[in-house]
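Taken together, the values in this text are just the output of simple stated rules run on the coordinates, not laboratory data. Being a predicted model, the structure only gives us computed values, none of them experimental. As a convention, Cβ positions derive from the backbone with ideal geometry for all residues, glycine included, and neighbour counts pool all protein chains shown.
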Amino acid sequence: MMTIEHLSFGYSKRKGLVVNDLSLSLDTGNIYGLLGRNGVGKSTLLYLMTGLLTPSAGQVLLNGTNVRLRYPETLCDFFLIPEEFDLPDYSLQKYVRLHAPFYPKFDYGNLRQNLELFGLTEDLRLGELSMGQKKKVQICFALATRTSWLIMDEPTNGLDIPGKSQFRKLLIREMNDKRGIVISTHQVKDVDQLLDHIVILNEGHAVLNASLTDIRRKLYFTTEAHEAETAQAYYAQPSPHGYAAMLPNPDGKDSEPDIELLFNGTLAHPDTISALLNPQKP
């Protein structure tokens, strides 16, 4: 389990807090979608979760240990893929030889399987790869570490259409009850079918923290032909086929959540949606 307790962080006093008294509990066996506007603190939160930044208050615990202490036994149990990174100009084989020993559960056979799914080989040279290919290599390596937590910041940026499909197949194949995944993204359509849980950040707080099961139970997503038919909706927006609407669901009808609509509706009416899906929180 990863536990975030009353976490606060700001880059300067002038700019104020980016993360403000944030508390979350994340369990393995789930894929979390971390959503929010640009500059709301998503990447900052990922760096706090992996001990790369020191909070001004609160802490992040991985299995009861503060990640900021950066103990080897903690560092070897999560892997962060940042949005932007570079790889050294040498072979993947050398990269694996140098970095895999930091992860005691590293699975070389799994790495080969992952590379094969993306159409890559072990003998490639990292410095010659495009950004999309580097992203694929890093995803393959990250999954092969067999860490309990995989933290990804905009993982589909730079991937072509086949690459995004392969990415989804890979995460589905590699997901299990002993692994938790956090995906911070603006490209909701790339990952919406993977997610089990949604966290939406706004002004340093989690205005929504709910499982897809609870979202389906309390909200009904539909498309109406005319705007007048959305009068009872919490939120509605034009769509190619009329108006996409997010409605109350008193009868427990089943529908497929529209994550983009949920995001826009939550930011438009944060108090209403938070009270509905996070009734214990103010």
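Worth pointing out:
- The charge dipole of region 211-277, taken about the Cα centre with unit charges on the Cβ atoms of Lys, Arg (+1) and Asp, Glu (-1), comes to about 180 debye, rounded to the nearest 20.
- Inter-centroid distance (Cα atoms) of region 211-237 relative to region 7-45, Å: 27
- Highest average first, the peptides 260-269, 23-32 ordered by how many other beta carbon atoms sit within 10 Å of their residues are 260-269, 23-32.
- Remark: region 139-147, residue by residue, has Karplus-estimated 3J(HN,Hα) of 5, 4, 5, 4, 5, 6, 5, 6, 5 Hz, where x stands for each Gly or Pro and the curve is 6.51 cos²θ - 1.76 cosθ + 1.60 at θ = phi - 60°.
- Helix-derived mean residue ellipticity, 222 nm - over the chain, DSSP H n ≥ 4, -39500 (n - 2.57), to 500: -8500 deg cm²/dmol
- Whole-percent pair-distance distribution, where bins are 10 Å wide, for the alpha carbons of region 18-60: 24, 57, 18
- Low-density loop cleavage sites - chymotrypsin sites (Phe, Trp or Tyr not before Pro) in region 60-101, where at most 16 other Cβ are within 10 Å (DSSP): PHE85, TYR90
- Percent of Cα-Cα distances greater than 21 Å, calculated over region 1-81: 25
- Cα convex hull of region 102-225 - mean projected area over all directions, nm²: 10.6
- Remark on region 49-91: Rg and Dmax equal 13.0, 42 Å (Cα only).
- Convex hull volume of region 211-277 per residue (C-alpha atoms, cubic angstrom): 82
- Principal axis dimensions, region 156-195 - Cα atoms, whole angstrom, descending: 29, 19, 15
- At most 14 other Cβ within 10 Å, DSSP loop - trypsin sites (Lys or Arg not before Pro), region 1-80: LYS13, ARG14, LYS15, ARG37, ARG70
- Here the Kirkwood formula, the inverse mean of 1/r across different C-alpha pairs, assigns the chain a hydrodynamic radius of 20.1 Å.
- Computed from the alpha carbon positions, the gyration tensor of region 34-167 leads to an equivalent ellipsoid with semi-axes of 26, 19, 13 Å, biggest first.
- Taking a straight line from the alpha carbon of LYS15, these aspartates and glutamates sit under 18 Å away, with near neighbours fewer than eight places off in the same chain left out: GLU203.
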